[in-house]
Amino acid sequence: MSTESRNTERPEAPERITEEYRMLHRVAQVLQTEGDLMGMLQSVMKTLTGFEDLRVENKAGIFLANNNRKVLELLTTYGEFSDEFLEKDREIPYGDCLCGRVVESGELLMSENCFQDPRHERLYDDMTPHGHYIVPLKSGTEMVGVLFLYTRTHPAWYQHSREVLYSIGGLIAAAIQKKRIDLELSAYRDQLESLVEARTAELKQTNQKLQSEIEGHKNTQDELRRSRDQFRDLGNQIQEIREDEKARIAREVHDRLGQALTALKIDVIQVGKKLESRLPDLKTRIDGMTGVIDDTIESVQQIAMELRPPVLDAFGICEAIAWQAREYESRYPLRFEVQCAELPVALEKGLETALFRVFQEAVANVVRHAAATRVSVRFVVEGERLVFSIEDDGRGIRPEDIDNPASLGLVGIQERVHPFKGMVTFSGKPEQGTAVTVTLPLDAGSKP
Ligand SMILES: Nc1ncnc2c1ncn2[C@@H]1O[C@H](COP(=O)(O)OP(=O)(O)O)[C@@H](O)[C@H]1O
Ligand SMILES: [Mg+2]
């Protein structure tokens, strides 16, 4: 059967047109599948070369256009090609031979016979006579490459076949471009992913560093807290020792010194009686001596009292404060008003001592700094709390005095009540006075 005669016989045969469009549809189908581009192109070339009415031999190939270098680069071939061809036609400059012309013109090219067509510039040793369809692969206005199909020599052409070939070229070009975009996108995605990865690693590292810094800070903080607690304990211990020592010295001074002085006084009086008639001069001096001994006894009692008032141990905090207030009134131009509530619980000795010392320190400040005339002392129960306050009507403590870490007297007040969970506030109003308020949970300082 002669294909040429058949073509000339049925140039517009509807079956042929139908067949061509069916092929176009198959090519479109292949190119629309998701998958590897090279596999798809092989499949397309197989479809095309298998279509008899296009008069192609079982050989085809695709070049990609490299617009920077102005060359066509062989992408893939279908069918038997000689090594010589594959080597020489790896690249074809724009304008060279049939394919080079198509990439420049963008037009479909048909060549009847490679040995007779002067445009077919590239010849090979084992070349057999053949014709060509060189199809531009054009996506929009962009030349993506060319598809070359081998035909028999002197094929007959049909006008509508051109459209089909153009369409096929367009489909292939679009598929190649889509692949390129996909590749570019996935490269971007990879780049992005590795960027995100690097950033994540960086963040993780920073995070770890921060974590260990925080850990370090926490350790330092713990250490600080520990050593502050230790200092506090030490301070409390020293206070306790001092209080014991004061109590001991007060007893010694009061008892031993007091007794010794009393004995001395009795002796001196005895001696005085005996000397009375004989040496009136000495008598006067002895009277003087008993006076000095009396004064000394009083001083000793005063000293003992100040070291630790026995009333504190004998009667408790309220009586001790009342006694101390009377003492202050006799010494300073101050009037005291003391309000002391009946407590529902007996307080621990340590807490009574602490509150008594707070009172003394607060009044020492009133005397030294306040220029006050009245002091009001309240010792009351409010709900579950004990509230102990010392208020004066003096010039008022300033905020900067309260916040000053060098205000050691104020710090001492706070430290005194800290072991009993006591909170201290200082507040002052200019020319209206100062209030020192200690608040304690009732159960913290009660006797077990
Ligand atoms: N009742 C008060 N009235 C006015 N100012 C006071 C009073 N109590 C304390 N201050 C002020 O607070 C400062 C700190 O008191 P304090 O820590 O006891 O230190 P010091 O008594 O050794 O000066 C005092 O120097 C004084 O200026
Ligand atoms: Mg002070």
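Across the stretch 346-356, what is the number of residues that are open to solvent by less than 50 Å² (accessible area, probe 1.4 Å) and at pLDDT below 90?
1
Have a look at ALA346, ALA406, ALA370 and point out the one that is within 13 Å of ligand 2 (Cβ to nearest atom), touching a residue at least 60 places away in the same chain (Cβ under 8 Å) and either hydrophobic (A, V, I, L, M, F, W, C) or in contact with a Cys (Cβ under 6 Å, 6 or more places away or on another chain) (or both). Lay out the reasoning, then the answer.
Details: ALA346 fails: within 13 Å of ligand 2 (Cβ to nearest atom); ALA406 fails: touching a residue at least 60 places away in the same chain (Cβ under 8 Å).
Answer to the check: ALA370.
Look at ARG368 and say whether it is assigned to a helix (DSSP H, G or I) and crowded, with 18+ Cβ neighbours inside 10 Å.
Here the answer is no, as ARG368 does not meet what is asked.
Do we find a residue being in contact with a helix residue (DSSP H, G or I) (Cβ under 6 Å, 6 or more places away or on another chain), part of a helix (DSSP H, G or I) and modelled with pLDDT of 85 or more anywhere in the stretch 8-22?
No, the stretch 8-22 contains no residue that is in contact with a helix residue (DSSP H, G or I) (Cβ under 6 Å, 6 or more places away or on another chain), part of a helix (DSSP H, G or I) and modelled with pLDDT of 85 or more.
If you go through the stretch 78-95 one residue at a time, do you hit one that is of a type in the set (S, T, N, Q) and within 24 Å of GLY106 (Cβ to Cβ)? Break it down stepwise before answering.
Here is the first cut: in the stretch 78-95, the ones of a type in the set (S, T, N, Q) are 82.
After this cut, where a residue has to be within 24 Å of GLY106 (Cβ to Cβ) as well, the list is none.
No, the stretch 78-95 contains no residue that is of a type in the set (S, T, N, Q) and within 24 Å of GLY106 (Cβ to Cβ).
How about the stretch 23-36: which of its residues are open to solvent by 30 Å² or more (accessible area, probe 1.4 Å), out of contact with any helix residue (DSSP H, G or I) (no Cβ under 6 Å at 6 or more places or on another chain) and part of a helix (DSSP H, G or I)?
Answer for the stretch 23-36, where residues must be open to solvent by 30 Å² or more (accessible area, probe 1.4 Å), out of contact with any helix residue (DSSP H, G or I) (no Cβ under 6 Å at 6 or more places or on another chain) and part of a helix (DSSP H, G or I): HIS25, GLN29, GLN32.
Which members of the stretch 78-93 meet the condition of being among the aromatic types (Phe, Trp, Tyr) and either open to solvent by 40 Å² or more (accessible area, probe 1.4 Å) or in a helix (DSSP H, G or I) (or both)? Before you say what the answer is, go through the steps one by one.
Within the stretch 78-93, the subset among the aromatic types (Phe, Trp, Tyr) is 78, 81, 85.
Once the filter is applied, which keeps residues that are among the aromatic types (Phe, Trp, Tyr) and either open to solvent by 40 Å² or more (accessible area, probe 1.4 Å) or in a helix (DSSP H, G or I) (or both), the stretch 78-93 yields TYR78, PHE85.
What pairs come up if the first residue lies in the stretch 90-109 and is free of Cβ contacts under 8 Å to residues at least 24 places away in the same chain, the second is in a helix (DSSP H, G or I) and open to solvent by 20 Å² or more (accessible area, probe 1.4 Å), and their beta carbons are under 9 Å apart, counting only those six or more places apart or on different chains?
Once the first residue is free of Cβ contacts under 8 Å to residues at least 24 places away in the same chain and sits in the stretch 90-109, its partners that are in a helix (DSSP H, G or I) and open to solvent by 20 Å² or more (accessible area, probe 1.4 Å) give GLY95/ARG101; GLY95/GLU104.
Here is a check on your reading of the model: is PRO441 within 16 Å of ligand 2 (Cβ to nearest atom), closer than 29 Å to ASP233 by Cβ, open to solvent by 20 Å² or more (accessible area, probe 1.4 Å) and modelled with pLDDT under 95? Talk me through it step by step, then tell me what you get.
Working: within 16 Å of ligand 2 (Cβ to nearest atom): no; closer than 29 Å to ASP233 by Cβ: yes; open to solvent by 20 Å² or more (accessible area, probe 1.4 Å): yes; modelled with pLDDT under 95: yes.
In short, no.
Only one residue in ASN67, ASN58 is in the same structural domain as ASP126 (by TED's automatic domain parsing), under 19 Å from VAL164 (Cα atoms) and open to solvent by 30 Å² or more (accessible area, probe 1.4 Å), so which one is that?
ASN58
Spot the failing condition for GLN360; the list is (1) of a type in the set (S, T, N, Q); (2) touching a residue at least 24 places away in the same chain (Cβ under 8 Å); (3) touching a strand residue (DSSP E or B) at 6+ places or on another chain (Cβ under 9 Å); (4) within 16 Å of ligand 2 (Cβ to nearest atom), and only one is missed.
With respect to (1) of a type in the set (S, T, N, Q); (2) touching a residue at least 24 places away in the same chain (Cβ under 8 Å); (3) touching a strand residue (DSSP E or B) at 6+ places or on another chain (Cβ under 9 Å); (4) within 16 Å of ligand 2 (Cβ to nearest atom), GLN360 is out only on (3).
Check GLU361, GLU348, GLU352 and return the single one that is of a type in the set (Asp, Glu) and within 9 Å of ligand 1 (Cβ to nearest atom).
Among GLU361, GLU348, GLU352, only GLU361 is of a type in the set (Asp, Glu) and within 9 Å of ligand 1 (Cβ to nearest atom).
Look through GLY396, GLY428 and report the one residue that is modelled with pLDDT of 95 or more, part of a strand (DSSP E or B), in contact with a Pro (Cβ under 8 Å, 6 or more places away or on another chain) and within 16 Å of ligand 2 (Cβ to nearest atom).
Going through GLY396, GLY428 in turn, the sole match is GLY428.
Any idea which of (1) open to solvent by less than 40 Å² (accessible area, probe 1.4 Å); (2) at pLDDT 95 or above; (3) within 11 Å of ligand 1 (Cβ to nearest atom) is the one GLY412 doesn't satisfy?
Status for GLY412: all satisfied but (2).
If you go through the stretch 431-445, how many residues are more than 17 Å from LEU347 (Cα to Cα) and more than 10 Å from ligand 1 (Cβ to nearest atom)?
Taking the stretch 431-445 as the starting set, the residues that turn out to be more than 17 Å from LEU347 (Cα to Cα) are 431-437.
With the extra rule that they be more than 10 Å from ligand 1 (Cβ to nearest atom), the set shrinks to 431-432, 437.
Number satisfying all stated conditions: 3.
When the stretch 389-409 is examined, which residues are found to be more than 6 Å from ligand 1 (Cβ to nearest atom), under 25 Å from ARG228 (Cβ atoms) and of a type outside the set (Asp, Glu)?
PRO399, ILE402, ASN404, PRO405, ALA406
Yes or no, residue by residue, for (1) away from ligand 2 (no atom under 15 Å from the Cβ); (2) among the small types (Gly, Ala, Ser); (3) in a helix (DSSP H, G or I):
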residue	(1), (2), (3)
GLU352	yes, no, yes
VAL387	yes, no, no
GLU391	yes, no, no
ILE402	no, no, yes
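The values are calculated or read from the model by the stated rules, or taken from the named source; none is laboratory data. Remember, predicted model here, so these are calculated numbers, not experimental data. In this analysis, Cβ positions are derived from the backbone assuming ideal geometry, glycine residues included, and neighbour counts consider all displayed protein chains. Side chains included, ligands, DNA and RNA excluded: accessible areas come from the protein's heavy atoms. Shrake-Rupley method; radii C 1.70, N 1.55, O 1.52, S 1.80 Å.
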